[in-house]
Amino acid sequence: MRNQILFTILSTCLLALSNSAPAEGEARIIAGPYLQHTTQTSMTIMWETDQPCISEIHYGKARFRPSKQKKNPDPAEILDQKKTFKEMRTIHEFTIERLEPETDYFYQAHSWESSGKEVQSDVLIFQTAVRATSPFAYVVMGDNRSYPERFKRLADKAWAERPNFVLNVGDVVTDGRNKGEWIAEYLAPASELMKRVPTYVAIGNHENNASWFYKYSSYPAPENYYSFDYGNAHFTIIDSNADLSPGSKQLQWIIADLSASKAKWKFVAHHHPPFSSDKDDYGNTDFWLSKRGDPRVQSLIPIYEKHGVDIVWCGHIHNYERTWPIRDGKVDQSNGVIYIQAGGGAAKLEQFAPTRSWFTAKVLRNWQYCLVTIHEGTFRMMAYDLDGRMYDYLELKK
């Protein structure tokens with residue numbers, strides 16, 4: 001209760017701050033800059049100012065120090081390119097293109113309000129997406145809503161791993177219709193991570209499909225579901241709140257997207273779990289049987305099996321669960337799909353059913369994140385709790 005009260009105070013203060021009218025000439029960056037969708041040749045950067053501004057992104061390719069140069073360079077020396085948007089706005093979005101694959105770039109956000117007063121970010125760094133033959137790493141977390149201090153601890157641990165990107169399985173805020181929560185619960189606690197590492201979100205139910213999800217995000221259209229390639233892997237991000245019925249637009253897109261991909265590794269992410277040992281979300285196990293998973297997304301299981309999906313990431317239930325490889329309703333260690341519920345991002349923990357599910361390989365009731373490393377045909381996943389203890393490990397070969 002004390003943490004929830006503190007969160008409410010923090011959220012209210014930040015919302016008031018973001019909506020307050022600052023003195024003329026005192027524009028501030030109140031969110032970001034932070035990184036969104038990346039490719040081998042592009043990066044999307046966003047930030048928010050507390051009043052309308054024109055904006056520029058300054059950037060430059062990282063390079064070695066010349067042998068005779070003793071002092072660190074002036075930012076203008078390493079930020080030798082820029083892109084400008086001259087319309088006044090508060091949420092600023094730039095996609096830098098014509099970059100080189102797997103390359104470090106420095107960048108800095110600049111904004112000017114109507115009087116000409118400038119505000120700028122620190123000089124930061126990002127890396128473009130790696131080549132298909134290169135190893136890479138990504139972090140998975142989700143359900144970080146409502147407890148920003150706890151989420152910050154996990155986000156800082158994730159940043160310490162230096163991943164190439166983050167995959168968040170949704171519920172990043174308590175109520176997506178509340179603008180202040182996007183900063184207080186999500187962008188501010190994870191700022192050290194997000195300003196250097198791109199983050200992809202599978203929209204959750206608590207986002208409420210609100211306009212702020214689309215304003216604070218930049219993913220391939222239509223954004224509530226999308227896909228991207230990274231290294232030798234393909235990622236299909238699904239909106240499990242939206243229509244998934246036979247013939248629906250999203251379902252047709254999912255089938256086409258998975259069919260078209262020839263990537264060595266295929267990953268899917270959506271918020272709701274097809275398999276779950278939760279105590280009472282799918283039937284109160286104190287008195288009744290449970291469906292042990294969300295029926296709406298269980299309809300996707302045959303599609304995943306048909307199209308060779310390796311891992312399905314999900315959340316919604318606030319704890320960790322990994323299944324055995326599953327195919328045709330039973331464990332199949334040669335050809336099955338593994339489902340990993342990574343919903344321990346900060347929200348209040350839930351409890352497991354009192355009896356073990358047939359599909360369960362590992363459960364943990366704790367806050368956590370997962371680190372994945374991939375090189376060619378080797379996949380390794382290490383799951384860590386809030387104190388940095390590894391409690392699960394998975395290795396796959398193909």
Check: Got at least one residue in region 229-236 being buried (at least 18 other Cβ atoms within 10 Å of the Cβ) and in contact with a helix residue (DSSP H, G or I) (Cβ under 6 Å, 6 or more places away or on another chain)?
Finding: yes
Notebook entry, point to check: Restricting attention to region 345-393, which residues are charged (D, E, K, R), within 27 Å of Asp281 (Cα to Cα) and not in a strand (DSSP E or B)?
Noted result: Lys348, Glu350, Arg356, Arg365
Notebook entry, point to check: Mind checking whether some residue in region 337-350 is crowded, with 16+ Cβ neighbours inside 10 Å and over 30 Å from Arg162 (Cα atoms)?
Noted result: no
Next item on the list: Would you mind stating whether Arg145 is crowded, with 22+ Cβ neighbours inside 10 Å, in the same structural domain as Tyr225 (by TED's automatic domain parsing), more than 28 Å from Glu56 (Cβ to Cβ) and at pLDDT 95 or above?
Entry: yes
Item checked: Matching residues in region 141-196 - criterion: being in contact with a strand residue (DSSP E or B) (Cβ under 6 Å, 6 or more places away or on another chain) and of a type in the set (Asp, Glu) -> Glu161
Check: Out of curiosity, is Trp288 out of contact with any Gly (no Cβ under 7 Å at 6 or more places or on another chain), part of a loop (DSSP other than H, G, I, E, B) and modelled with pLDDT of 95 or more?
Finding: no
Next item on the list: Could you please give the count of residues in region 166-208 that are charged (D, E, K, R) and closer than 11 Å to Gly142 by Cβ?
Entry: 1
Check: Which one of these is touching a helix residue (DSSP H, G or I) at 6+ places or on another chain (Cβ under 7 Å), crowded, with 23+ Cβ neighbours inside 10 Å and more than 19 Å from Asn208 (Cβ to Cβ): Ala129, Ala158?
Finding: Ala158
Notebook entry, point to check: Cβ-Cβ below 6 Å, separation at least six or inter-chain, first residue in region 84-110 and under 21 Å from Asp229 (Cα atoms), second at pLDDT below 95: which pairs?
Noted result: Asp104/Ala62
Checklist line | Residues of region 31-80 satisfying the condition of being over 22 Å from Ser191 (Cα atoms), among the β-branched types (Val, Ile, Thr) and touching a Leu at 6+ places or on another chain (Cβ under 9 Å) | finding: Thr41
Note to self: Every residue in region 132-142 that is small (Gly, Ala, Ser) and surrounded by 24 or more Cβ atoms within 10 Å (Cβ to Cβ), please.
What the structure shows: Gly142
Margin query: Can you find, within region 364-390, the residue that is surrounded by the fewest Cβ atoms within 10 Å (Cβ to Cβ) among those that are more than 22 Å from the chain's Cα centre (by Cα) and in contact (Cβ under 8 Å) with a residue 60 or more places away in the chain?
Written below: Gly377
Margin query: I'm told Val312 meets every condition in (1) within 19 Å of Val297 (Cβ to Cβ); (2) of a type in the set (A, V, I, L, M); (3) assigned to a loop (DSSP other than H, G, I, E, B) except one. Can you identify the failing condition by its number?
Written below: (3)
Note to self: Can you pull out every residue in region 118-138 that is more than 21 Å from Met194 (Cα to Cα) and either of a type in the set (Val, Ile, Thr) or assigned to a strand (DSSP E or B) (or both)?
What the structure shows: Glu118, Thr133
Next item on the list: At least 2 residues that are within 13 Å of the chain's Cα centre (by Cα) and within 23 Å of Met46 (Cα to Cα) in each: list the helices (runs of 4 or more DSSP H) lying fully within region 155-263 that qualify.
Entry: 191-194
Next item on the list: Among the numbered conditions (1) farther than 30 Å from Tyr384 by Cβ; (2) touching an Asp or Glu at 6+ places or on another chain (Cβ under 7 Å); (3) not in a strand (DSSP E or B), tell me where Asp143 comes up short.
Entry: (1)
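The values are calculated or read from the model by the stated rules, or taken from the named source; none is laboratory data. Just so we're clear, the structure is a prediction, and the values are computed from it rather than from any experiment. Note that we place each Cβ from the backbone using ideal geometry, even for glycine, and neighbour counts take in every protein chain shown.
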